[in-house]
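Everything on this sheet refers to the single structure shown next.
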Amino acid sequence: MIFIAKLKQQFSDYFFLRDDNLPVTNVEAWRISALRIMLVSIILLCAIFVIQSAWRSVIERVAYVIPMALVFYIALGSLLLISRRFYTFSAYCLIGLIIVAAVCFNATHQHQVLSMLGPIVMYSTPFVAFILLGWKVGVVCILLNIAPLYVLINQLTLADYITPFPVQEHANYYLHVILFVFFNVCIPLAIARSSIAAKRGNQFNIEKNNILHKQAQLYHALFVEARTAKIIIDQKRKIIEANDAAYALLLSNLPTPCVGNEIESVFPEFTVNSSKLVVNRTLGAKMKVFELSAQPINDEQHTMVTIQDVSAKALLNKTLAVQTQVRQRQKLYDESAGLPNRQWLENKIALHDDQASGTLFVCAIKINNAHFIEQKYGFLYLPKILKKVAEILNQNVGERGFIAILDKYTLGIALTIVEAEKTKSAIHHIIASLPRVVQIQQLSMHIDCKAGVANNQSDVSVNQLVNNALHAVTVNDALINYYETGSHQRFIEHQEISILLNEALANEELYVDYQPKVRGDGTLIGMEALLRWNSPVIGRVSPGVFIPIAEQSGLVLKLTHWLINHVCAQIKQWQGQGLQALPVAINISGPDLDQTDFKKFLINCVVEHDIKPQLLELELTESAKTQNIPDAIETVRYLASFGFCITLDDFGVGYSGLSKLTNFPVQRVKIDRQFIKNIQRDSKNAQVVEAIVAMCRVFKIDVLAEGVEDLREVDCLLAMGCASFQGFAFAKPMGKDQIAKLLNTSLMPNLKLPLTSQTASLVHKHP
C-alpha cells in the first residue's frame, strides 16, 4: 500500500495534476500537465503502429521508415524531457511534429484514403495550440489549416512524387485507430486537464474574491468605520488616508482634505523615532490629551497612527495621584476617633527597638461595654469616648509612651519601662487612672475597661507583639491580663484544628463508629452513631477535642449534615444486604435546631435514601442551647410527627431537663453516666436514678442508662426499673462491618452476655 501510494504521488507530481504544485517557470502548471499528457499518450499510442511499420519496412526493404520513426520518437522523448524547463519551445515543436507527421502520412501511403489522413491530422493543431500556447497561436494554426483543406478538397498526395510505402495488410485499421485515439483520447485528456484547471482557477478566484471582500469589510470595520481615530502615512510620513473618527476628534487641527500633508503638520511632536507619544491640545476651548501610537502595516510601506482621547484617563490619574497622597497621609491616622492608628504605633515600636533602651510593653485597653454604648447612645459616641480616654492616658503616660487606636473598641499604649520589676505597678497605675464615667456632650457614660499586656522579650515581630496584647485582652474577664505563650499556642492550635476539620469534611477523613444499645439480656435494640476523625496531619483526634472547636467555629452544622447523610446511606446499605434494620441515634445540637432548613434537610435525606424515619433517633443534648426555644420546640414536634424518635441525652446534668421533658415530644431519656457509675454503692445517685425512672414511667417514656461499665450496675438499674443500656459492660463502639455481623440474625441473633442469676430474674421481671 505504501508503494502504491508513493507511485501515485510520483505520477501526480510528474504530470502536475495538482494546480498548487507550481513549476519553477512562469507557465501555469496545467499547461505543462496537458503537454506531458499529450506527449506520453502519443508515444504510447503510436508505439504499436511504429513497431509494426518498422517490421514491415524490413520485410519490404523500405529503408526510410525506420529512421523516420526513430527520429519521430527521439523528438517526442526529447520534448518530454525538456517540457518543464523549455515549455514554449516544446509546445511549438509538438505542433511542428504534428505537421511533419501529417506530411509523412500523405507522402508515404499510395492508398488515396490513407494518404488523406495526413491533412486530417493537421486539423488537431488549433486544439493543441489553444491549450498549450494560447489563442494567438491557435488562430495562426487555423489559418495554416487552409493548406490541408486544399489538399483534401483536391485529393493531392505527395506519394506521386516519392516512392510510397507499401500498403500494409492492416494499415487502414492502424491509422484509423491512431487517429481515433489521438482525437478522442490525447486531445480530450489535455482539454479535460485544462478544464479542471479552469474550474479550480475559478474556485480559487471565488475564494480569493471572498477573502478580498472580507478584507474590505474588515478594513471598513477596523479603519473607515472605526470609532478610534486612525491615520495612515507612507514612508515619506505623508498622510494618505484618515477615517471619519480622526476628523471628528481633531476638528480644526486636521486640514480638510488632509491627504498629502505631512503628519508633522498636525502633530509636530510626532517625529520619525516616535512610536508612542502623549500630546496636549486645546480644542474648542477645552484642554485635550491625546495618546498617539504608530504601528507598521503588513507591507511595511505604510504606518498606521492611532489617536486616542485620554483626557478623562489623564484627569482620573491626576485625581488618583492626589487621593493617593491624601491616603498616604491618612494611612497612619484614624479619622473617626482623631487618633493615630495601629500602623503608626507599630512604626513607633520599630523605631524604639533601634533607639531606646529598656523593656517595651504594649498594653491593649478594651472597652468591655462598647456594644452597650453603641446600642444606647449610637455608633458615633464610641470614637469620642476612645479619644477622651486617650487624652487622659496621655496626661499620665506623657512622653514615655505612644497611644494609638488598635480597633474600634481598643486603644493601644506602647510603654518603655526601664525597671522590669515595676512593670505590674506601672500598668496597674495606668489602668487605675482610667475614668469610670466619661462626659460627652452633657451625657455621662459609664465605661468598663480591661487590659491585655505583652512585652518584646521573646524576640517577636512588632506586628506579633501587638497581636499578643490583643489576644491577652480577650483571654478572660480579669481587669489586667498578661500574655502567656501557652494560651496563645492553644488558641493557634484550635484555629489550626478548625482549618483541618473543614478540610476533613471535603477530603472524607471522617468516619463513624456505632455503639450498640441493648436490653438487660443483651438483646440489640439500636445503636448510637459516634463521629470519628483520623487526620493525615495530626492523627486521630478525640471527639472531646474537635466537637467543641466545631461548635465555636460554626462547623458543627456541617458535621451534623455529614453525619445524617452518612448514617442514612449506611442504613440503606444494610437493608440492601438483607440485614435487620434497627434505629441509629444521632446527636443534634442547639444550633442545628436554630437552622430554618434543618427539618427540610432531614426529611429530604431519609426520602432520598428510601429509609423510614423510625430508623433515625434524634438525641437532644441536655446542654444544647437554642437561640429561639419556641421555634426549636416546633421543629422537634414537626419531626416527631413524621416518626423520628426523640431522645433527651445527658439527662440530669442541667437545669432545663424537666422543661424539655414536658415541652418536647420525648420518647426516651438517657441518664447521664455520672449518675450510673458505682450506683450500687452510691445511695444519692441511686435515689436520683429512681426518681428519674419513676417520673419517666408516669410520662410513659423509655429510660436508657449510658456509660454502664459493670454488670453490678446493670443489676442495680434493672432492680430500679431501667431496662435499656449502653456502655462498655455490653459493647464498645465498633465499625460498620462488626455491626453488620450483629444485624445478621442468621449468624448472631443478638448480643448476649453471661448474666448473673439475679440479673436473669430481674430481666424476666422487667422484659
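Solvent-accessible surface (1.4 Å probe) assigned to Asp477 amounts to roughly 140 Å².
Between amide H atoms placed 1.01 Å from N, distances below 5 Å from Asn587 occur with Glu619, all of them 5 or more places distant or on a separate chain. Ligands, DNA and RNA excluded, the heavy atoms of Tyr482 present near 80 Å² of accessible surface to a 1.4 Å solvent probe. Fully extending the segment from Ser293 to Glu508 would add 71.7 nm, taking 0.36 nm per residue of separation and subtracting the current Cα-Cα distance.
Counting Lys and Arg as +1 and Asp and Glu as -1 over every other residue whose Cβ lies under 13 Å from the Cβ of Ala686, the net charge comes to 0. Bridgeable lysines around Lys376 (alpha carbons under 16 Å apart, same-chain partners fewer than 8 residues away excluded): Lys384. Backbone geometry of the stretch 370-376 corresponds, through the Karplus equation with coefficients 6.51, -1.76 and 1.60 at θ = phi - 60°, to 3J(HN,Hα) couplings of 4, 5, 5, 4, 5, 6, 7 Hz, x marking Gly and Pro. A cut-off of 5 Å between modelled amide H atoms, ignoring neighbours fewer than 5 places along the same chain, links Tyr333 with Asn341. With a threshold of 24 Å on the Cα-Cα distance, the over-threshold entries among Lys230/Lys276; Lys286/Lys313; Lys214/Lys288; Lys136/Lys199 are Lys214/Lys288. Which lysines, on any chain, are close to Lys388 with Cα under 18 Å apart, when same-chain ones fewer than 8 places away are left out? Leaving aside lysines fewer than 8 places away in the same chain, those within reach of Lys388 are Lys366, Lys408, Lys450. Residue-wise HN-Hα couplings along the stretch 124-130, as the Karplus relation 6.51 cos²θ - 1.76 cosθ + 1.60 with θ = phi - 60° gives them from phi, are 7, 4, x, 4, 4, 5, 4 Hz; Gly and Pro carry x. Here's how it looks for Ile480: its modeled amide H is under 5 Å from those of Ala451, which are all 5 or more places away or on a different chain.
Taking all protein chains as shown and a probe of 1.4 angstrom, Asp13 keeps an accessible surface of around 60 Å².
The values are calculated or read from the model by the stated rules, or taken from the named source; none is laboratory data. Everything quoted here is computed from the prediction, not taken from an experiment. No Cβ is skipped: glycine too gets one built from the backbone with ideal geometry, and neighbour counts run over all protein chains shown. These area figures cover heavy atoms from the full protein model, side chains too; ligands, DNA and RNA do not enter into them. Shrake-Rupley method; radii C 1.70, N 1.55, O 1.52, S 1.80 Å.
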